[in-house]
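Following: one structure in structure tokens, then a few remarks.
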Amino acid sequence: MVKRLAFVVPGDLAAATGGYGYDRQIIAGLRTLGWQVDVVNPGDGFPFPASKTLREAQEMLLAIPRDAIVVIDGLAMGVMPEAARRLSLTHDLVALVHHPLALELGLTAEQSAALAVQERAALAAARHVIVTSPATARTLSADFAVAPERITVVLPGTARAPAASGSTDGIVRLVAVGSVIPRKGFDVLVDALARVKGLPWHLSIAGDTTRDSATATALKEQINRLELADRITMLGTLSAEALDRVYGESDAFVLASHYEGYGMAYAEALSHGLPVLGTTGGAISDTVPPEAGILVEPGNSHDLAQALSVLILDAQRRAEFAAGARTAAARLPTWVESSALFSAALNRTRTE
């Protein structure tokens, strides 16, 4: 029997974000496992699509053959409660939640409240919910009325990588990876770096600067205002090969995210044996153990600066954290393992 799946992902599946990367890897893994996966794009602009896009998306979803399991990425699922309700009457419906839409930084209070109401209603229609971290599972149970038995955690896979060789010129090379959007906290990181301006460091930021042009412009202005333009390089979006080279030349990974549904960049840093400096926002504490680095409260540039001083000045601590990172990375699942867990969760929806 052919196992048929409609995987609904809005926008550009090739986009260089952790969420889209997860979707791409899982789709490829499911196809290897024998699933016939049809990728369905409901349109652009999610989670705030135009009314016309939303109408056309609902029609598109309701036309999916009834023998297919339907997985809807949370970027679309969370704002389509009516489509989810109608689809659940005829299909096995699975929601994939990277992190709740209402927790994205930069929303107004009204936008956040509206998204929370919509997503709660949409998730109520799903037969099963797949999340990418235990932290997100806890949030959905506590705040979105999703029963724990309806949730499966499928962590992102992490490719094995050689340990970073680091710098040799006395300058501690820091790398931050993530799209330049408010939630990633680059402004907090730059403020913290300004507090340790007298120490020997250089930061490379690898991430899309086009998703939120206002945030990217503000970040560049902040860097210039604090006279750090010669200390911080914004690399933009990199190919996988180029990013691996940057990781390999770095001494530590730093990212001041306010919230992460998992934090794939943090896991990638662990796989390269890099000490990690991050925050306790969302699932980061689940991903980065204490032996692999230092985590501070989100938004606290003072504590972040103190932790930066430790990493920059103490080579022995960096070496200890690097060893801890390699140990932690060995415990992370591969994409083959994650795809198998995802497949098993889909199979269970047919018997529930």
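Scanning the range 46-89 for residues that are surrounded by fewer than 16 Cβ atoms within 10 Å (Cβ to Cβ) and either of a type in the set (Gly, Ala, Ser) or free of Cβ contacts under 8 Å to residues at least 24 places away in the same chain (or both) yields ALA50, SER51, LYS52, ARG55, GLU56, GLU59, ALA63, LEU89. A count restricted to the range 239-262 and to residues that are in contact (Cβ under 8 Å) with a residue 60 or more places away in the chain and either within 16 Å of ALA325 (Cβ to Cβ) or over 18 Å from the mean Cα position of the chain (by Cα) (or both) stands at 11.
For (1) crowded, with 18+ Cβ neighbours inside 10 Å; (2) within 26 Å of ALA345 (Cα to Cα), each residue gets a yes or a no:
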{"site": "PRO100", "(1), (2)": "yes, yes"}
{"site": "ARG127", "(1), (2)": "no, yes"}
{"site": "ILE130", "(1), (2)": "yes, yes"}
{"site": "PRO134", "(1), (2)": "no, yes"}
{"site": "ALA142", "(1), (2)": "no, yes"}
{"site": "ALA145", "(1), (2)": "no, yes"}
{"site": "VAL172", "(1), (2)": "yes, no"}
{"site": "ILE181", "(1), (2)": "yes, no"}
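Filter the range 152-167 for residues that are touching a Leu at 6+ places or on another chain (Cβ under 6 Å) and of a type in the set (A, V, I, L, M, F, W, C); which is nearest to HIS99 (Cα to Cα)? For the range 152-167, the residue satisfying everything is VAL154.
If we scan the range 200-213, do we find a residue that is over 22 Å from ILE171 (Cα atoms), of a type in the set (Asp, Glu) and under 22 Å from the mean Cα position of the chain (by Cα)? Within the range 200-213, one or more residues are over 22 Å from ILE171 (Cα atoms), of a type in the set (Asp, Glu) and under 22 Å from the mean Cα position of the chain (by Cα).
Return yes or no: is ALA28 in the same structural domain as SER339 (by TED's automatic domain parsing), crowded, with 21+ Cβ neighbours inside 10 Å and modelled with pLDDT of 95 or more? Answer is no for this residue. Residues in the range 9-45 that are touching a residue at least 12 places away in the same chain (Cβ under 8 Å) and aromatic (Phe, Trp, Tyr): TYR22, TRP35.
Looking only at residues that are among the polar types (S, T, N, Q) and touching a residue at least 40 places away in the same chain (Cβ under 8 Å) in the range 166-180, which one is farthest from THR17 (Cα to Cα)? Once the filter is applied, the top-ranked residue is SER167. State the number of residues belonging to the range 285-318 that are within 20 Å of GLU268 (Cβ to Cβ) and touching a Pro at 6+ places or on another chain (Cβ under 9 Å). So the count comes out to 6.
Restricting attention to the range 1-36, which residues are in a loop (DSSP other than H, G, I, E, B), hydrophobic (A, V, I, L, M, F, W, C) and out of contact with any helix residue (DSSP H, G or I) (no Cβ under 8 Å at 6 or more places or on another chain)?
Selection gives MET1, VAL2, ALA15, ALA16.
The values are calculated or read from the model by the stated rules, or taken from the named source; none is laboratory data. All values reported here derive from a predicted model rather than from experimental measurement. A quick note on method: Cβ atoms are made from the backbone with ideal geometry, for glycine too, and the neighbour counts reach across all protein chains shown.
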